[in-house]
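Have a look at the structure below, then the notes.
Derivation of every value follows stated rules applied to the coordinates shown; laboratory data play no part. This structure is a prediction, so every number in the text was calculated from the model and none was measured. We place every Cβ from the backbone using ideal geometry, glycine too, and count neighbours over all the protein chains shown.
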Amino acid sequence: MHSSRRAGDPARQLADFIEAQFAPETAIDLVGFSMGGEIAGYYVQRLARCGRVARLITISSSHKGTWTTFCLEDGSATDAAGE
C-alpha cells in the first residue's frame, strides 16, 4: 500500500503546511468539511497539536472515524483497486 493512502498522511501534510505558513506562537482556527474534519481532528488529537489550534470546526465529519480509516491506519486494508 502506498504511504499516501494512510489516514495520518494528510494530517502530517497539514502540519507541514501550517508550520511553514504560520509562526509557532500563532494560534490558528481550522475548518474541515467531511474528511477534512477528520484530518483536522487527527492533526489536533494524534499529532498533539492542540496548542496550535484555537478553534476546530467540523462540518459533516464522522467523529468516530470510519471502518476504512481504522483499517488503513494499521495498513491492514487496501482501497478498491487493491493498492
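Positive contributions from Lys and Arg (+1) and negative ones from Asp and Glu (-1), summed over other residues with Cβ under 15 Å from the Cβ of LEU56, come out at +2. Computed extension gain for ALA48 through SER34, at 0.36 nm per residue and net of the alpha carbon distance, reaches 2.9 nm. Put in line by how crowded their Cβ is, counting other Cβ atoms within 10 Å and starting with the fewest, GLU19, GLU25, GLU38 read GLU25, GLU19, GLU38. Taking a Cβ cut-off of under 13 Å around ALA15, the surrounding Lys, Arg, Asp and Glu residues balance to a net charge of +1, with basic ones at +1 and acidic ones at -1.
Note on SER61, SER34: ascending count of other Cβ atoms within 10 Å places them as SER34, SER61, the fewest first. Each of LEU30, LEU47 has some number of other Cβ atoms within 10 Å of its Cβ, and from fewest to most they run LEU47, LEU30.
Put a dot 7 Å past the Cα of SER60, heading toward its Cβ, do the same for ASP16, and the two dots end up 2.8 nm apart.
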